[in-house]
Amino acid sequence: MANVPENLHYSKDHEWVRVEGSIATIGITDYAQNSLGDVVYVELSKAGDELAANESFGSVESVKAVSELFTPVSGEVTEHNDKLQDQPELVNTDPYGEAWMIRVKMASPGEVDSLLTAAEYEDFTKETK
């Protein structure tokens, strides 16, 4: 079973969200990185980019496939994880920590309420297998 931390929110596109005040830190789930295989390249939106909920904020390339990334919340990108440029493998080794992808100043913090809890996400991943 994939690692699904309780303190995060999840999308059906396999992104996670950690909320701290009005800032949402976003990355991909353990389930997603495991499905992708070895990640070899990550492309992310830049600081200042305005994103709508469910809009692409970049892509992840693995030995198996290229997958688009979708932001679960709308707002302005305040930061992206430069470390992933030189160390894309962090997505595989630490998807909830070192491999966070972007931080967004949320335009509508209430959007988080429509995301899945850890238990709901676990149920969702069991259904999609």
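Quick check on the range 64-109: take the gyration tensor over C-alpha atoms, sort the square-rooted eigenvalues as a ≥ b ≥ c, and tell me if it's rounded (a/c under 1.5), prolate or oblate.
Working: a/c = 2.31, a/b = 1.69, b/c = 1.37.
Prolate.
Only lysine pairs 8 or more places apart or on separate chains count here, and in the chain those with Cα atoms under 23 Å apart total 10. Label 7 Å along Cα→Cβ of E61; the range 34-49 residues with amide nitrogen under 18 Å? It comes to 36-46, nothing else. When only the Cβ of Lys, Arg, Asp and Glu is charged (+1, +1, -1, -1), the dipole of the chain relative to its Cα centre reaches about 80 debye.
Among the listed values [x] 73, 30, 29; [y] 34, 33, 21; [z] 55, 32, 22, the one computed from these coordinates for Cα extents along the principal axes in Å is [y]. Surface composition of the chain: carbon plus sulfur atoms hold 45% of the accessible area, using a 1.4 angstrom probe and ignoring ligands, DNA and RNA.
The values are calculated or read from the model by the stated rules, or taken from the named source; none is laboratory data. Since the model is a prediction, treat every value here as computed from it, not as a measurement. When we count neighbours, we look across all protein chains shown, and the Cβ atoms used for this are built from the backbone with ideal geometry, even at glycine. Calculation scope for accessible area: heavy atoms of the full protein, side chains included, ligands and nucleic acids excluded. Shrake-Rupley method; radii C 1.70, N 1.55, O 1.52, S 1.80 Å.
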